[in-house]
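As structure tokens, the structure follows; a few thoughts come after it.
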Amino acid sequence: MKKKVVIIILISLVSLGGFFLMMSNNKKRYLDEYSNKIKGDIELLSKLVNKHQIKRHGVAKIQANYKGAHGENYPAHFQYNYELSDKLYFENEEYNFIEIHESFLNIIKYLSNLNRIDTSKYANLKVNFSALKLTYDVSYINEILGSNFKSVKVCIKMKGLIKKIDYIEIYVDDLIFNIKDGDIKVNYKGNDINIRLSNNAYYFNVADNLKMNVFTNNNYLFSIVLNNKVYTVELKDDGASIIFNNESAIYNSVKIDLDYEDITLNKNKIDSNFSDNPLIRYLSEADLTVLK
């Protein structure tokens with residue numbers, strides 16, 4: 001009986017050693033496969049972010065459809081110069097603004113620069129019989145993205161007797177990315193974010209509060225459902241159109257057309273009555289909660 005136990009232990013050790021040796025001998029092939037998988041997803045995300053960028057200055061033409069007593073539309077038209085910087089500013093003779101969450105602006109910045117990262121420039125590599133674990137020099141990542149992350153690690157998880165990549169997990173501070181078969185799952189502080197990528201369409205689901213399809217054949221068309229309310233965004237080279245299709249405040253709907261122009265706002269006098277701007281008034285009573 002003791003001999004059988006010893007033999008089983010020896011066989012197990014030899015098997016583990018064989019797996020480890022195979023992983024070590026083939027690590028270049030696994031790393032190349034990992035780089036190719038990541039590169040493909042990065043190229044698709046970069047295509048989405050970089051083709052039609054929202055320009056930071058221009059003219060905003062707003063059509064606000066006021067609610068009538070019986071639900072009918074009473075359209076009114078407004079025009080403002082706008083600036084997207086630390087806030088979204090609107091100016092006619094006076095100016096006002098909408099607060100923009102810094103994380104939203106950061107995400108756009110990170111995605112714009114993501115394709116500049118060389119995934120082969122890891123600082124450390126560890127191999128075991130079921131995974132390759134990479135650690136990146138966070139200063140290299142931060143320099144490219146313009147971020148201030150504290151830690152970036154990658155786990156390439158293997159499966160099968162003849163090892164092949166099952167999935168990839170990327171840990172960026174408290175963000176966890178799981179990448180498998182064209183799907184990206186992100187966990188951020190208990191919020192689940194699912195992303196599906198293809199050449200002509202993208203799908204996003206954020207905590208089941210935000211569901212978005214993005215179609216990219218010609219102009220980029222975003223079909224958005226946020227907290228059961230419908231929004232539409234179209235991005236073009238020279239501008240954008242945004243439609244808020246649901247009732248909010250005193251409006252049935254609001255449409256904004258952005259024309260990109262090199263305009264500088266004066267910001268001499270702030271408008272004390274923010275609700276004079278229909279977009280600000282509309283959004284002040286809309287539920288825009290995305291994350292828990």
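Table for the structure above
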| quantity | calculated |
| --- | --- |
| Cα-based radius of gyration of the chain once divided by 2.2 N^0.38 Å, which approximates compact folds | 1.32 |
| Proximal charge balance of N268 [Cβ under 13 Å; K/R count +1, D/E count -1] | -2 |
| Separation in nanometres of the label points that stand 7 Å from Cα toward Cβ, at S85 and D192 | 4.2 |
| Rounded, prolate or oblate (a/c below 1.5 giving rounded, otherwise prolate when a/b exceeds b/c) for the stretch 189-246 by Cα gyration tensor | oblate |
| Rounded FRET efficiency, nearest 0.05, which uses the C-beta distance separating N266 from A201 and R0 of 30 Å | 0.10 |
| Net charge, N124 excluded, C-beta distance under 11 Å - Lys, Arg +1, Asp, Glu -1 | +2 |
| Theoretical FRET efficiency, 1/(1+(r/R0)^6), r = Cβ-Cβ of D276 and N73, R0 30 Å, to 0.05 | 0.90 |
| Mean projected area in nm² (Cα convex hull; one quarter of hull surface) for the stretch 108-168 | 4.7 |
| Charge dipole of the chain about the Cα centre (unit charges at C-beta), most positive-ward option of G40, N219, L105 | G40 |
| Backbone HN-Hα couplings from phi across the stretch 119-126 [Karplus 6.51/-1.76/1.60, Hz, Gly and Pro as x] | 5, 7, 8, 7, 8, 8, 9, 10 |
| The stretch 47-95: C-alpha gyration tensor shape, a/c 1.5 cut-off, then a/b vs b/c | oblate |
| Estimated dipole of the stretch 140-292 in Debye, rounded to 20 [Cβ of Lys and Arg +1, of Asp and Glu -1, Cα centre] | 900 |
| Within the stretch 184-260: Cβ-based charge dipole about Cα centre, in debye rounded to nearest 20 (Lys, Arg +1; Asp, Glu -1) | 380 |
| Residue of N128, N268, N246 that the Gaussian network model of the chain assigns the largest fluctuation, springs spanning Cα pairs under 10 Å | N268 |
| Phi to ³J(HN,Hα) by Karplus 6.51 cos²θ - 1.76 cosθ + 1.60 over the stretch 101-116, Hz, x for Gly, Pro | 5, 4, 5, 5, 5, 5, 4, 4, 5, 5, 5, 5, 9, 4, 6, 8 |
| Mean ellipticity per residue at 222 nm, deg cm²/dmol - from DSSP H runs of n ≥ 4 across the chain, formula -39500 (n - 2.57) | -8500 deg cm²/dmol |
| Protection-proxy order for peptides 203-209, 77-83, each taking the mean of Cβ atoms within 10 Å per residue, highest first | 77-83, 203-209 |
| Among the listed pairs K61/K109; K109/K157; K27/K164, those beyond 22 Å (Cα-Cα) | K61/K109; K109/K157 |
| From phi via Karplus (6.51, -1.76, 1.60), per-residue ³J(HN,Hα) for the stretch 45-51 in Hz, x at Gly/Pro | 5, 5, 4, 5, 7, 9, 5 |
| Computed E for S223/K27 - FRET, C-beta separation, R0 51 angstrom, nearest 0.05 | 0.75 |
| Label-point separation in nm, S284 to N92, each point 7 Å along Cα→Cβ | 1.5 |
| The stretch 26-184 shape via C-alpha gyration tensor axes, a/c threshold 1.5 | prolate |
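Computed from the coordinates by the stated procedures, all read-outs in this text should not be read as laboratory data. Since we're looking at a predicted model, the values are computed, not measured. Don't worry about glycine lacking a Cβ; one is built from the backbone with ideal geometry, like all the others, and counts go over all protein chains shown.
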